[in-house]
Structures are given as C-alpha cells and as structure tokens.
Amino acid sequence: MADAKVIPFDDDRSRSRRRAARADGESAAVRALPGSVRTPEDASEEPGAAHRAPAEPEAPPAAGNGWERRLAGGLAFLRRRITGEYEVDEFGYDEELTDQVLMSLLRPLYEKYFRVEVKGIENVPADGGALIVANHSGTLPLDGLMMQVAVHDRHPAGRHLRLLAADLVFVLPVVNELARKAGHTLACAEDAEQLLRAGEIVGVMPEGFKGIGKPFGERYKLQRFGRGGFVSTALRAGVPIVPCSIVGAEEIYPMLGNARTLARVLGLPYFPITPTFPWLGPLGALPLPTKWTIQFGEPIPTDSYAPEAVEDPMLMFNLTDQVREEIQHTLYKLLVQRRSVFF
C-alpha cells in the first residue's frame, strides 16, 4: 500500500482522476447532479447508455401483512440490483442502497451503541447547499458516519450528507466502493463546489489525520484547520457554513501511543496503540460504548460577500478562525454538561 496522503481541501485537482477511480455499479444508470452540465461524451460513457430503455416504474406492493410487504420490497430491491435498474450519480452515490442497506447497518450503532443525542438539527438548511464543518476524532472515522446518520434520520427533510474523505479511503478494497456508494468523495475543492452548487449538504473535517489520530491526552483540543480551503469553497458556492461539534468519539479508542515505524511499513498515517489494541487482537477493534452528542451550530452565511472575497487572505483567516472557535467553544460547553463518558 502506498503511503497515506491527505489531499488538501483547497487543492483544485482535476476531476478526471476522481472519475477514473469511481466505483459505481457496473450496469447502473448514471444520474447527473441537479444543475450540472453534461456533455454528449459524458452520456456516452454510461454503461449501456446506447441500449438501456427507461426503467418502468415499480408497481406498489400488494396489500398484506407487514412482513409480506417487507419481503416484496426486499425482493424488488434485489431484482433491481441484479438487473441494474438503479441509478448512481456521477460521483458513484447510490441513494437507494444507502437508504435501504447502509443506513440500516449503521443505525443500531447510532441508536443503541453510541446512543447519539442530536442538538440544533434545525440549523441545517431544509433545502439548498450547505457546508457542515466538524471536529474529527476517535482513531477510526466513525464520527463522520454517525454525523451522516444524524442528518439523514433527524432532519425533517431527511437530507443526505455527502462526506469529503482522504485518499486512503479510496485505495482500500471494499471500503472504496462502499464509500462511493454512500456518497463520499475525495476532499478536493472542485468536487465539493460542484456538490454544493447542486444543492447538496457536504460535510468536511478539516483536522484530517491530525485530528483523528491525536493522542488521548489531547482529546477535544482542535488541531489546525489548514489554510481555509473549506471557507473559499463555501464562498464560491455561496452556501452557509454550519459548525458541528461531536462529543463522545474521542473515547471510543483511547489512543495511548503510535507505532510510527509499523505505520510507515503499512503505509498508514498512524498505527494506534490503545488499552485493548493490539493486545486483544480483533477484539481490541471493538469501540467502547460511549455516549455521544452531536450539536449543529448556527449557520454562518457567505452569500453576502463579493466574488473577489475569495482572494482576501485575511477574510479567509478570520472566517476559518470563527468556525474553529465556535466548534471549540461548543465542545467545552458540551463536556461541562455531560454526566459521564458512558451515560
């Protein structure tokens, strides 16, 4: 495996590389994002575009017992998977698979194991694009997945969160394809801006590996937020920035040490040593059942700034610092309010 590398959020990388690495369904129809312009070449790239007929609308399940309806729905879902009568967008996002399978797998972890409490969900816009900026922690990136479930299940509009992820996610077998299906994409400015202009909710954790891999002694202390690339992207798209603070993830894998030599050999950003891992083997990978709180802060509007504002480094610094301070202040407030790590 190559050395892990984080793509800077403000790296204006060509999307051709992202398309080459896309792991969408081999026979699925590709759905363009709202507001995006598609060329004839893009259409010709769709597998089976020349011969696929429009899919017929699915007949409603017959009336009957609940288990019969669920069985009929499950069989219809499997048929669409087998025949390729489902859609993915140009990033590989499979909304049907995410709603019916991936969210169902994550929901018990969200509801029963971490017992996530969500505050301020009304601060996430009901429509249009928005950029959610959150702290990152926990050794493994479960915080992003729990935030994705929170937005989907707790928002009145049932919105979908499109997370921006590091290169490492897209070089791991299986993880790569699942991440694409769940709506995740590379953390580059071009992809993020396209999603925001299409009216999507996009999530970013600017701390990156420095946040998720920090030692337990530095828990809930935010690392650097980079050079403000997420701010310039929000300004270009004219969407609000929603600060998000997550408490509880820091303690799921208390990172007491980092085997740096082993990490370099494996091509990983760090190799964590916790009270249970690697001493207990695979059992040590089980996260501790901490109690989580996810709080969405008040949106910071960006649509009032002139287009040339993205060239103002002082404005970038001030807005980045404002978002970071809002998240840090909320983290401290939530820590004071919680009764214990586990209850």
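The values are calculated or read from the model by the stated rules, or taken from the named source; none is laboratory data. In this text the structure is predicted, and so the values were computed from the model without any measurement. Here the Cβ is made from the backbone with ideal geometry for all residues, glycine too, and neighbour counts use every protein chain on show. With ligands, DNA and RNA removed, areas are computed over all heavy atoms of the protein, side chains included. Shrake-Rupley method; radii C 1.70, N 1.55, O 1.52, S 1.80 Å.
Using C-alpha pairs under 8 Å with a sequence gap of at least 6, the mean separation divided by the residue count of segment 134-289 gives a relative contact order of 25 percent. In nm, to one decimal, how far is the Ile121 label point from the Gln328 one, both placed 7 Å along Cα→Cβ? Between Ile121 and Gln328, the label points sit 3.0 nm apart.
Dividing the C-alpha radius of gyration of segment 225-343 by 2.2 N^0.38 Å, with N its residue count, gives 1.41.
Which translational diffusion coefficient, to the nearest whole µm²/s, is obtained for segment 160-290 from the Stokes-Einstein equation, given a Kirkwood hydrodynamic radius over C-alpha pairs, 20 °C and 1.002 mPa s? For the chosen part, D equals 129 µm²/s. Take Leu172: with every protein chain present and a 1.4 Å probe, its accessible area is about 50 Å².
Rounded to whole numbers, the Karplus 3J(HN,Hα) couplings from phi for segment 300-307 are 9, x, 10, 6, 8, 7, 5, x Hz, using 6.51 cos²θ - 1.76 cosθ + 1.60 with θ = phi - 60°, and x at Gly and Pro. Taking all protein chains as shown and a probe of 1.4 angstrom, Val231 keeps an accessible surface of around 0 Å².
Taking the square roots of five times each eigenvalue of the Cα gyration tensor of segment 78-152, the equivalent ellipsoid has semi-axes of 25, 17, 12 Å, listed largest first.
Using only Cα coordinates, the Kirkwood hydrodynamic radius of segment 192-261 works out to 14.1 Å.
In a reduced charge model with +1 at each Lys and Arg Cβ and -1 at each Asp and Glu Cβ, segment 217-343 shows a dipole moment near 660 debye about its Cα centre. Here the peptides 270-280, 195-205, 103-113 are ranked by packing, the mean other Cβ count within 10 Å, and the order with the highest first is 195-205, 270-280, 103-113. Length gained on full extension, Asp153 to Arg107: 15.7 nm, using 0.36 nm per residue less the C-alpha separation. Over the C-alpha trace of segment 128-178, radius of gyration and Dmax come out as 12.3, 35 angstrom.
Counted residue by residue at 0.36 nm each, then reduced by the alpha carbon distance between them, the extension gain from Lys221 to Asp167 reaches 17.0 nm. Taking the 1.4 Å solvent-accessible surface of segment 155-310 as the whole, the part contributed by carbon and sulfur is 61%.
When you count the other C-beta atoms within 10 angstrom of each residue and take the mean per peptide, 334-342, 235-243 line up highest first as 235-243, 334-342.
Annotation: extensible slack from Arg69 through Arg264 equals 65.1 nm (criterion: 0.36 nm per residue apart, minus Cα-Cα distance).
Largest first and in whole Å, the equivalent-ellipsoid semi-axes of segment 242-294 read 24, 16, 8, each the square root of five times a Cα gyration tensor eigenvalue. Note down the net charge around Arg338, summing +1 for each Lys or Arg and -1 for each Asp or Glu among other residues with Cβ under 14 Å from its Cβ. Surrounding charge for Arg338 is +3. Segment 198-215 and segment 223-238 have Cα centres spaced 12 Å apart.
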